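Worksheet: the structure to be examined is printed underneath.
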Amino acid sequence: MVSRMGVSLHFLWSGRPRENPCPGPFPVRGREIPTIVKHDLFNLTTADKKGCLGRSVGADLRAATSKTQELAARERGNHLEAPIFMNVAVLSLVIPFLAACGGPSGQPPASKPGGMKFITIVKSTGFNWFRRMETGVQKFSTETGIQAVQQGPSKADAALQVQVIEDAIAQKPQAILVVPFEVEAVEPVLKKALDQKIVVITHEASNIDGSSAAYDIEPFDNAAYGRHIMDEIAGGMGSEGKYVVFVGSLTSKSHNEWVNAAITYQKEKYPKMQLSGTKNETGDDPQKAYQIMKDLLRTYPDIKGVQGSAATDVVGAAQAIQEAGLSGKITVAGTSLPSYASELLRSGAINVINCWDPALAGYVMNKVAQMLLEGRKIEDGMNLGVTGYNRIRLAGKVIYGDAWVDINSHNMNQYPF
């Protein structure tokens with residue numbers, strides 16, 4: 001009877017194309033199977049139910065169960081015994097199915113999505129930039145069923161961030177995603193997380209030690225971005241005159257890569273321009289940027305350009321410029337958000353802001369962690385399925401996207417963050 005029933009089950013399952021319904025980049029009639037986001041034996045739903053040829057996996061299992069029960073009862077003539085045989089038959093169907101869902105390695109996944117926890121840790125929870133990032137983390141959680149949360153210190157401080165990471169490790173999550181305030185400060189504690197088999201992904205930390213993170217994700221090539229901002233400043237300055245530069249921290253890898261590349265590029269392409277002073281460190285504090293700019297205007301009254309790095313740099317600098325009645329006379333460009341800079345863009349105190357969407361960065365950090373936990377390999381040129389990360393460049397353990405945007409007074413309403 002068992003062999004006969006086994007044939008019946010094989011026939012039922014073979015009644016539709018036998019594509020693999022597991023998570024992963026397995027083609028289905030020219031498409032990719034979507035990731036399963038609920039691991040409930042009789043309610044296996046997908047992010048896109050139409051992705052598996054318009055049917056949920058759970059529907060197939062329920063149909064097989066019903067038919068199995070009917071055949072078992074007919075075979076034995078006893079409806080009371082049918083459920084016992086049904087359990088054996090369904091398990092013979094389900095066990096191979098679940099074994100196949102372990103990803104490319106054939107090993108079972110680390111955990112069901114609903115039982116996994118990812119913690120994103122940012123420089124400070126007090127910045128709009130990271131509030132925007134949290135919307136991407138929340139979207140990832142909603143779409144995957146993974147418990148993904150964002151945490152961080154109340155202010156940008158390396159020691160406080162390290163403590164938040166320590167607290168996160170104690171929660172035993174499957175992944176920790178970090179935007180370091182100071183890379184060197186977090187490396188020891190992130191290594192501790194890796195040693196405990198926690199997946200660690202960083203952002204804005206391309207110099208992170210390989211023993212402290214699996215991958216770092218950058219929205220773009222940092223040197224190219226810095227050169228682009230310098231082109232914006234030079235265009236407004238007529239390619240000559242004095243300019244100043246700001247960074248959130250002298251130890252911020254990304255900020256310093258942008259500025260260093262911009263200065264080198266300026267010397268080569270715009271020889272009539274001149275850097276006044278050195279890098280001005282703001283601690284990601286707009287009030288500090290404001291005060292530094294006021295001092296710079298007294299020291300260098302003929303400044304014609306400003307490059308900012310932290311999201312608050314150009315805001316604080318532009319406020320000082322506006323107060324001095326110099327809006328439109330000094331070109332101000334650099335990284336920021338419309339929610340910070342819109343009024344100053346509108347008034348002309350800021351010429352252009354350059355940025356990437358932190359929501360997409362938050363989402364893609366979590367997605368890479370999920371891919372690694374599923375046993376998937378990150379490869380050069382692959383599409384991560386997130387805008388700006390559709391064809392990544394992989395350099396060692398650094399993932400580069402192509403995600404920057406330029407925002408001015410004319411298009412800022414297109415970017416509601």
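Name the residues in segment 138-173 that are of a type in the set (S, T, N, Q), farther than 17 Å from LEU360 by Cβ and either touching a strand residue (DSSP E or B) at 6+ places or on another chain (Cβ under 6 Å) or surrounded by fewer than 21 Cβ atoms within 10 Å (Cβ to Cβ) (or both), would you? Lay out the reasoning, then the answer.
Just the residues of segment 138-173 that are of a type in the set (S, T, N, Q), to begin with: 138, 141-142, 144, 147, 150-151, 154, 161, 163, 171.
Next cut, farther than 17 Å from LEU360 by Cβ only: 147, 151, 154, 161, 163, 171.
GLN147, GLN151, SER154, GLN163, GLN171 - these are the residues of segment 138-173 that are of a type in the set (S, T, N, Q), farther than 17 Å from LEU360 by Cβ and either touching a strand residue (DSSP E or B) at 6+ places or on another chain (Cβ under 6 Å) or surrounded by fewer than 21 Cβ atoms within 10 Å (Cβ to Cβ) (or both).
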Residue ID - farthest from ASN351 (Cα to Cα), chosen from residues in segment 250-273 that are at pLDDT 95 or above and hydroxyl-bearing (Ser, Thr, Tyr): THR264
Pair list, Cβ < 8 Å and 6+ apart or interchain, from segment 400-413 residues that are hydroxyl-bearing (Ser, Thr, Tyr) to residues that are outside any loop (DSSP other than H, G, I, E, B) and surrounded by 18 or more Cβ atoms within 10 Å (Cβ to Cβ): TYR400/GLU218; SER409/LEU345
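Would you mention how many residues in segment 190-230 are touching a helix residue (DSSP H, G or I) at 6+ places or on another chain (Cβ under 8 Å) and crowded, with 17+ Cβ neighbours inside 10 Å?
Taking segment 190-230 first, the residues touching a helix residue (DSSP H, G or I) at 6+ places or on another chain (Cβ under 8 Å) are 190, 192-193, 196, 198-209, 211-215, 217-219, 222-227, 229-230.
Those left that are additionally crowded, with 17+ Cβ neighbours inside 10 Å: 190, 193, 198-206, 208, 212-215, 217-219, 222, 225-227, 229-230.
So the answer is 25.
One line per residue, one yes/no per condition, for (1) at pLDDT below 90; (2) among the aliphatic types (A, V, I, L, M); (3) out of contact with any His (no Cβ under 7 Å at 6 or more places or on another chain); (4) within 21 Å of GLU187 (Cβ to Cβ):
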{"residue": "VAL94", "(1), (2), (3), (4)": "yes, yes, yes, no"}
{"residue": "GLY102", "(1), (2), (3), (4)": "yes, no, yes, no"}
{"residue": "PRO153", "(1), (2), (3), (4)": "no, no, yes, yes"}
{"residue": "ALA168", "(1), (2), (3), (4)": "no, yes, yes, yes"}
Those residues of segment 258-274 which are under 25 Å from PHE220 (Cα atoms), crowded, with 16+ Cβ neighbours inside 10 Å and over 28 Å from the mean Cα position of the chain (by Cα), in sequence order: ILE263, TYR265, GLN266, TYR270
Where a residue in segment 252-271 is more than 29 Å from GLU184 (Cα to Cα) and its partner, wherever it lies, is surrounded by fewer than 20 Cβ atoms within 10 Å (Cβ to Cβ), with Cβ under 6 Å and at least six apart: TYR270/SER239
Residues being β-branched (Val, Ile, Thr), crowded, with 20+ Cβ neighbours inside 10 Å and over 10 Å from the mean Cα position of the chain (by Cα) - total across segment 354-397: 1
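A quick yes/no check of all residues on (1) under 20 Å from ARG132 (Cα atoms); (2) at pLDDT 95 or above:
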site	(1), (2)
GLY325	no, yes
ILE330	no, yes
GLY334	yes, yes
LEU337	yes, no
TYR340	yes, no
ALA349	no, yes
PRO358	yes, no
LEU373	no, yes
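Do we find that THR299 is β-branched (Val, Ile, Thr) and crowded, with 20+ Cβ neighbours inside 10 Å in this structure?
Details: β-branched (Val, Ile, Thr): yes; crowded, with 20+ Cβ neighbours inside 10 Å: no.
Answer is no for this residue.
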All helices (runs of 4 or more DSSP H) inside segment 215-317 with 1 or more residues being within 19 Å of VAL179 (Cα to Cα): 222-237, 253-269
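Would you mind stating whether VAL398 is in contact with an Asp or Glu (Cβ under 6 Å, 6 or more places away or on another chain), within 18 Å of VAL199 (Cβ to Cβ) and of a type outside the set (Gly, Ala, Ser)?
Numbers: in contact with an Asp or Glu (Cβ under 6 Å, 6 or more places away or on another chain): yes; within 18 Å of VAL199 (Cβ to Cβ): yes; of a type outside the set (Gly, Ala, Ser): yes.
The answer is yes for VAL398.
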Residues that are in a helix (DSSP H, G or I) and either in contact with a Phe, Trp or Tyr (Cβ under 6 Å, 6 or more places away or on another chain) or at positive phi (or both), drawn from segment 158-203: ALA158, GLN161
Top-ranked residue of segment 242-253 - restricted to ones that are surrounded by 19 or more Cβ atoms within 10 Å (Cβ to Cβ) and either touching a strand residue (DSSP E or B) at 6+ places or on another chain (Cβ under 7 Å) or acidic (Asp, Glu) (or both), ranked as farthest from ASP157 (Cα to Cα): TYR243
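With ASP195, ASP167 as the choices, which residue is acidic (Asp, Glu) and over 24 Å from SER206 (Cβ atoms)? So that I can check it myself, show each step before the final result.
Working: ASP195 fails: over 24 Å from SER206 (Cβ atoms).
From the options ASP195, ASP167, the qualifying one is ASP167.
The values are calculated or read from the model by the stated rules, or taken from the named source; none is laboratory data. Quick caveat: nothing in here was measured; it's all calculated off a predicted structure. Methodologically, a virtual Cβ is constructed for each residue, glycine included, from the backbone with ideal geometry; neighbour enumeration extends over all protein chains shown.
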